[in-house]
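Working notes, structure below.
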2 protein chains.
Amino acid sequence: MSARAESIAVREPPRTGLRNQLIARMRPEDWSLLAPNFEPVTLKERQLVEVPGKPISHLYFIEAGVISVVVVNSEDYRIEVGIIGNEGMTGVPLVMGDTRAQHSAYMQIAGRGHRIPAAAFCEALKHSRSLSALMLRSAQAFMVQTAHTALANGRARLVERLARWLLMVHDRMDTDAVPLTHEFLAVMLGVRRAGVTVALNIFEQRGFVARQRGQLTIINRAGIEKVAGSFYGMPEAELKRLMSEFA
Amino acid sequence: MSARAESIAVREPPRTGLRNQLIARMRPEDWSLLAPNFEPVTLKERQLVEVPGKPISHLYFIEAGVISVVVVNSEDYRIEVGIIGNEGMTGVPLVMGDTRAQHSAYMQIAGRGHRIPAAAFCEALKHSRSLSALMLRSAQAFMVQTAHTALANGRARLVERLARWLLMVHDRMDTDAVPLTHEFLAVMLGVRRAGVTVALNIFEQRGFVARQRGQLTIINRAGIEKVAGSFYGMPEAELKRLMSEFA
DNA sequence: GCTTGAGCGTTCTCTATCGTACAAAGCAGT
DNA sequence: ACTGCTTTGTACGATAGAGAACGCTCAAGC
């Protein structure tokens with residue numbers, strides 16, 4: 001038993017320096033199960049990682065950058081339902097036993113991560129209950145995020161939703177500089193580009209953000225939190241709780 | 001092997017007459033695992049089945065009636081993120097390995113079903129991979145519903161959202177009569193009560209519904225579908241696909 | 001038959017946001 | 001430096017829906 005554990009430990013690839021929180025929370029034996037199939041990838045802006053209706057080829061564990069998950073309907077109405085950074089991964093449907101993506105997922109802010117082929121991931125899931133437990137929790141945390149996005153979409157005003165979104169992205173970034181145009185922000189929130197511009201003007205006037213072309217910088221996070229009010233925070237607290245039992 | 005299957009078959013409680021689609025899709029051995037702990041329940045209007053933050057005591061498999069799942073934030077902003085009828089069950093967090101409810105869930109339209117204690121359900125999940133696969137698919141179908149609710153909340157107009165909601169409820173009912181007040185409809189959609197009244201007037205003028213006090217009757221479903229447009233249908237199609245491999 | 005209250009119809013004003021449009025400003029390539 | 005494209009600032013009318021209010025109506029209980 002301890003001999004077996006040791007032999008696994010010997011084969012265990014290094015994960016020091018990795019910042020993905022799911023990887024960090026994996027048991028050594030689960031990491032060993034996945035690591036041989038992990039492939040480091042750099043992730044460019046707008047790079048698609050999932051296409052609705054299509055089989056999922058790889059799961060992406062994010063080290064840096066932000067992925068947008070966007071629901072699209074048959075008339076091409078679209079809206080972001082959640083974002084994924086170094087706290088999570090893509091490929092929720094695989095965790096649930098499906099092979100296809102329901103939603104569109106792509107890099108909103110360039111970064112890097114590790115990916116694993118869908119087949120290898122599913123194989124590992126089958127062999128480790130502890131791994132699948134961790135993945136399920138991660139999926140659930142994402143569900144909570146989606147539910148609160150539905151709430152914000154229905155009840156919050158543009159400035160509140162924008163504030164919420166900035167905070168969520170900021171949580172997943174190393175720097176305070178968010179490299180995004182108003183146009184893309186508007187698409188995510190499902191609002192007019194001009195509306196975003198006006199809202200960001202207000203934020204700038206209040207000293208919450210500084211703006212550059214194609215980029216904005218978070219200056220006063222607390223101020224933004226105040227604007228977002230109760231529309232920000234619950235999914236984040238829930239993520240913490242859901243992950244707390246995993247070391 | 002066949003002897004064992006037979007002995008299970010002998011112990012298998014009857015499930016003829018049950019209309020819950022998850023129960024219908026269960027393998028005989030999975031049904032046998034759960035059935036001893038199932039308890040038939042009648043479900044009254046407004047009866048709470050899950051309270052946010054509280055441990056989930058039972059899972060409810062719905063035979064008739066409709067449950068609303070409502071997300072609530074710290075300032076008591078609330079909105080419905082999905083509904084559950086005889087196609088599903090409550091207790092998604094348990095399937096994901098959590099013990100607490102994130103959202104509020106209660107009977108929107110009275111009905112009946114079967115419930116099982118959370119502990120017994122989790123025990124059964126541990127013992128049967130096929131059962132947990134089925135439950136996971138059901139959970140995923142609900143996630144898709146939530147995502148499309150987020151889309152509708154962000155992009156659709158009141159009439160479209162109302163149409164979508166009526167169709168979703170109608171799908172889960174035996175009759176065309178929906179026993180609900182405008183007030184409750186408004187709460188679900190996160191809009192004004194007066195807005196619902198006006199929208200329903202339009203529907204009546206077009207001959208889509210008939211209205212009584214505290215109730216409305218679907219008359220022309222196709223007309224309502226036309227109003228809902230692309231905001232209705234994808235989760236329903238996805239549910240069908242996700243369940244198709246289970247008998 | 002009368003009272004009461006929930007449910008509903010309607011109205012009025014107000015505001016957030018849309019749709020559209022256009023010009024200014026910054027950046028990239030020639 | 002010039003050109004052309006992307007991004008941003010701004011404006012203006014249109015509109016959906018909010019908020020608030022009030023009276024009517026129906027059903028149930030007295």
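Read the figures in this text as sums done on the coordinates, not as results from a lab. Not measured: the values here are computed from a predicted model. In this analysis, Cβ positions are derived from the backbone assuming ideal geometry, glycine residues included, and neighbour counts consider all displayed protein chains.
Descriptive notes on the structure:
- Lys/Arg +1, Asp/Glu -1 at C-beta; the protein assembly as shown dipole; positive extreme among A:LEU22, B:GLY82, B:TRP31: B:GLY82
- Kyte-Doolittle at least -0.5, axis length at least 24 Å by Cα - qualifying DSSP helices, chain A: A:129-155
- In this structure the amide hydrogen of A:VAL72, modeled in the peptide plane, comes within under 5 Å of the amide hydrogens of A:SER104, none closer than 5 places in sequence on its chain.
- Cα pair distances exceeding 38 angstrom across the protein assembly as shown, given as percent: 27
- The trypsin sites (Lys or Arg not before Pro) of the stretch B:36-89 that meet both conditions, a loop assignment by DSSP and at most 12 other Cβ atoms within 10 Å of the site Cβ, are B:LYS44, B:ARG46.
- Cα pair distances exceeding 33 angstrom across chain B, given as percent: 20
- Highest-MSF residue in chain A out of A:ALA141, A:ALA133, A:ALA64 [GNM, Cα springs under 10 Å]: A:ALA133
- For the stretch B:61-189, the Cα gyration tensor yields ellipsoid semi-axes of 26, 17, 14 Å (square root of five times each eigenvalue, largest first, whole Å).
- Estimated dipole of the stretch B:128-247 in Debye, rounded to 20 [Cβ of Lys and Arg +1, of Asp and Glu -1, Cα centre]: 260
- Residues considered: B:GLU160, B:GLU50, B:GLU183. Largest GNM mean-square fluctuation over chain B, using C-alpha springs under 10 Å, is found at B:GLU183.
- The reciprocal of the average 1/r between distinct C-alpha atoms defines the Kirkwood hydrodynamic radius, which for the stretch A:115-247 equals 16.5 Å.
- Comparing B:HIS182, B:MET143, B:VAL70 along the charge dipole axis of the protein assembly as shown, the residue lying farthest to the positive side is B:HIS182, per the Cβ-charge model.
- Cα-centred dipole magnitude for the protein assembly as shown, charges only on beta-carbon of K, R (+1) and D, E (-1), debye, nearest 20: 600
- Normalised convex hull volume, the stretch B:187-247, alpha-carbon set, Å³ per residue: 132
- Within the listed set B:ALA105, B:ALA120, B:ALA194, the Gaussian network model of chain B (springs between alpha-carbon atoms below 10 Å) gives the highest mean-square fluctuation for B:ALA194.
- The stretch A:170-247 and the stretch A:35-52: distance between their alpha carbon centers, rounded to Å: 24
- Here is the list for the stretch A:75-129: GluC sites (Glu not before Pro) lying in DSSP coil, each with at most 14 other C-beta atoms within 10 angstrom of its C-beta, are A:GLU75.
- The modelled label-to-label distance between A:ALA177 and A:GLU204, using points 7 Å beyond Cα along the C-beta direction, is 1.7 nm.
- Once the Cα gyration tensor of the stretch B:1-142 is diagonalised, semi-axes √(5λ) in Å: 28, 16, 12
- Note on B:SER244 and A:THR16: their simple-model spin labels are 5.0 nm apart, each label 7 Å out from Cα toward Cβ.
- Rounded to the nearest 20 debye, the dipole magnitude of chain A is 320 debye, with +1 charges on Lys and Arg beta carbons, -1 on Asp and Glu beta carbons, and the Cα centre as origin.
- Using just its DSSP H runs of length 4 or more, each adding -39500 (n - 2.57), chain B gives a mean residue ellipticity at 222 nm of -14000 deg cm²/dmol after division by all residues.
- Listed cross-link partners B:LYS54/B:LYS226; A:LYS126/B:LYS54; A:LYS126/B:LYS240; A:LYS54/B:LYS54; A:LYS240/B:LYS126 are compared with a 29 Å cut-off, the Cα-Cα value being larger for B:LYS54/B:LYS226; A:LYS126/B:LYS54; A:LYS54/B:LYS54.
- Histogram of C-alpha separations across the stretch B:13-91, 10 Å bin width, %: 16, 46, 27, 9, 2
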